[in-house]
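*Asks:* Mind having a look at this structure? Questions to follow.
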Amino acid sequence: MENSQSTTVNSKDKQHVWHHITQHAKFDNSDPVVMVEGQGLTITDSKGREFLDASSGGVWTVNVGYGRKSMGQAIYDAVIKVPFFAGNTGTVPGANYAAELIDLIPHMSRVYYSNSGSEANEKAYKMVRQRAHAYNGGKKHKIVFRDRDYHGTTIGALSSTGHPQRRENYGPFAPGFVEMPHCCCYRCPFGKKYPDCNIECATALEDIVKREDPDTVGAVVLEPITAGGGVIPPVKEYFPIISEICKKYDLLLHIDEVVCGMGRTGLWFGHSHYDVKPDIISMAKGVASGYAAISVTITTDDVFKIFKTDETDTTGFFRDISTFGGCTGGPAAALENLRIIKEENLLENAVKMGEYLLDKLNVLKEKHAIVGDARGKGLFAGLELVSDKATKLPLPEAKVQQVIKNCFEQGVIIGSTNRSLEGFNNTLTLSPALICTKSDIDTIIATMDVALSKIEV
Ligand SMILES: Cc1ncc(COP(=O)(O)O)c(C=O)c1O
């Protein structure tokens, strides 16, 4: 971008844009970063700086990479025909994408469209509550969530999120959400060591349901692999145990695939790494790789049937609408996203490159005194930083941010858990686009190596 143009855009941004989750006082002495152009994994800002983006757009979204003309074309073709029609009516891209999605996960049946991960989760919560009203007077309405999971920014989604720093000052919250412990082996909430732990992080669900009264608990919502809470893949026994408890107490199992969905972990869905069949799945970010806003709440036929009563029933159906859930650009982009992932074998690439990435992160762990744990699945990884390996004392957030800043100065964008869990915002996060190569990973790792070396404890 030319200099005068970049000055103009920077000053407009600085004066008028209210950036997400940002303390603007820092812009008294610095400029916001304004992105102008991307290609593959490379993104360029308004000052002409080029970055290798190992975060897929900051928040694990741009799974197929930047600069995909076919994505733009697919959206163009859809919107010039019919840009929008309210979701009580069908559209061609909406019907086609729903069918292709269900082909990937045949035990599910219905796709409900909206625009963000938070909203997709809210839809699921409303389904759980209405189901309770349909058969036990609304009593079985509570939803259990995990204390390191994030489910979104709206009040309902935040009420089911266990990140105190995200929640602080936004209460009061919606009632009916109940917290359960996380499943991070590196910091086992029960002080146990796998495999001699009886998978208490999973069996804890049963204790909670009994404590709350099973007649009042309707569902459990879980990320397949906790993302913003520290990239936490559960052990293989975890989901089968959760699933059994759900069956025993008639709880719907809602898996929040907003981050993991559509290939991030090397399979289409994060939960597919485990032996489990959810009743509800929510997805957003990677569905259209951020080229258009789209989210989906997918359900089984059993869930759908609860809302299909008879034509005279004025309240028994799902009385929810999302205006922009009727935009055709979202499903059109999602269809093209799906085609690209299949045609370019990006799931395979995510598996191969993911293994390579995790191996390299483990090398960093061996080398650096401040790296406590490396974990992940596919192209979705976390590196937990500590002040002391023996005690696992978390590295202070300011130092973690120094690593991020140093990588940025070297031209690599990585992410981190941030402003979520006080004292535990200490995990660096990596989620390069699914097209990434060994050489991209080598650059990311070499950059992190330098940045980690500069931290003094
Ligand atoms: C697991 C998970 N669920 C839900 C959300 C909320 O999605 P959105 O920001 O699109 O509302 C996020 C966002 O980061 C997420 O990580």
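Each reported figure results from applying straightforward, stated rules to the coordinates on display, with no laboratory input. What you see is a predicted model; the values in this text were computed from it and never measured. Please note: Cβ atoms are built from the backbone with ideal geometry, for glycine as well, and neighbour counts cover all protein chains shown.
*Asks:* Could you give the length gained on full extension between residue 31 and residue 235, defined as 0.36 nm per residue of separation minus the Cα-Cα distance, in nm?
*Replies:* 69.1 nm
*Asks:* Run the simple label-point estimate for residue 348 and residue 47 please: 7 Å along Cα→C-beta, distance reported in nm.
*Replies:* Distance between label points: 4.2 nm.
*Asks:* Enter the Cα centre distance for the pair segment 31-83 and segment 86-137, rounded to the nearest angstrom.
*Replies:* 27
*Asks:* If you take every DSSP beta bridge fully contained in segment 70-343, what fraction is antiparallel? Give it as a percent rounded to 5.
*Replies:* Bridges in segment 70-343 that DSSP calls antiparallel: roughly 40 percent.
*Asks:* I need two numbers for segment 190-307: Rg to one decimal and Dmax as a whole number, Cα atoms only, in Å.
*Replies:* 15.1, 46
*Asks:* Now for a separate question. For the chain, how big is the tail of P(r) above 43 Å, as a whole percent of Cα pairs?
*Replies:* 12
*Asks:* OK, next. Divide the volume of the convex hull of the Cα atoms of segment 70-343 by its number of residues and quote the answer in cubic angstrom per residue.
*Replies:* With only Cα atoms used, segment 70-343 gives 133 Å³ per residue.
*Asks:* Can you put 453, 109 in order of Cβ neighbours within 10 angstrom, beginning with the fewest?
*Replies:* Lowest to highest Cβ neighbour count: 453, 109.
*Asks:* So, one more: How high is the FRET efficiency from residue 79 to residue 419, r the C-beta distance, R0 56 Å, rounded to 0.05?
*Replies:* For residue 79 and residue 419, the calculated efficiency is 0.95.
*Asks:* Identify unpaired cysteines across the chain, taking unpaired to mean no other cysteine Cβ lies under 4.7 Å from the residue's Cβ.
*Replies:* 184, 185, 188, 197, 246, 260, 327, 407, 436
*Asks:* So for segment 85-161, what percent of the C-alpha to C-alpha distances run longer than 16 Å?
*Replies:* It works out to 64 percent of all Cα pairs.
*Asks:* Gain in length, residue 20 to residue 277, computed as 0.36 nm per residue apart minus the alpha-carbon separation, to one decimal in nm?
*Replies:* 89.1 nm
*Asks:* Taking R0 as 56 Å, what's the FRET efficiency between residue 200 and residue 100 from their Cβ-Cβ distance, rounded to 0.05?
*Replies:* That gives a FRET efficiency of 0.90.
*Asks:* Between segment 219-260 and segment 180-199, what's the alpha-carbon centroid distance in Å?
*Replies:* Segment 219-260 and segment 180-199 have Cα centres separated by 15 Å.
*Asks:* Restricting to bridges with both residues inside the chain, how much of the DSSP beta-bridge set is antiparallel, in percent to the nearest 5?
*Replies:* 65
*Asks:* Suppose R0 equals 41 Å. What FRET efficiency, 1/(1 + (r/R0)^6) with r the Cβ-Cβ distance, do residue 393 and residue 136 give to the nearest 0.05?
*Replies:* 0.30
*Asks:* Compute the length gained on full extension between residue 248 and residue 437: take 0.36 nm times their separation in residues and subtract their Cα-Cα distance, giving the result in nm to one decimal.
*Replies:* 63.5 nm
*Asks:* Are there trypsin sites (Lys or Arg not before Pro) in segment 144-233 that DSSP puts in a loop and that have at most 10 other Cβ atoms within 10 Å, and which ones?
*Replies:* When the trypsin sites (Lys or Arg not before Pro) of segment 144-233 are filtered for loop state and at most 10 Cβ neighbours within 10 Å, 193 remain.
*Asks:* How would segment 329-457 be classified by its alpha-carbon gyration tensor: rounded, prolate or oblate, with rounded meaning a/c under 1.5 and the a/b versus b/c comparison settling the rest?
*Replies:* Because a/c hits 1.5 or more and a/b exceeds b/c, segment 329-457 counts as prolate.
*Asks:* Could you tell me which of rounded, prolate or oblate describes segment 319-369, using a ≥ b ≥ c as the square roots of the eigenvalues of the alpha-carbon gyration tensor, with rounded for a/c under 1.5 and, failing that, prolate when a/b is larger than b/c and oblate otherwise?
*Replies:* Oblate shape, in that a/c is at least 1.5 and b/c is the bigger or equal ratio.
*Asks:* With N set to the number of residues, divide the alpha-carbon radius of gyration of segment 1-62 by 2.2 N^0.38 Å and report two decimals.
*Replies:* Here the answer is 1.18, to two decimals.
*Asks:* For segment 379-457 and segment 337-359, write down the distance between their C-alpha centroids in whole Å.
*Replies:* Between the Cα centres of segment 379-457 and segment 337-359 lies a distance of 22 Å.
*Asks:* Okay, next question. Calculate, in whole percent, how much of the Cα-Cα pair population of segment 97-209 lies beyond 19 Å.
*Replies:* Cα-Cα pairs in segment 97-209 separated by more than 19 Å: 60 percent.
*Asks:* Another question about this same structure. With runs of 4+ DSSP H residues as the only contributors, calculate the mean residue ellipticity of the chain at 222 nm using -39,500 (n - 2.57) per run, divided by the residue total and rounded to the nearest 500.
*Replies:* -11500 deg cm²/dmol
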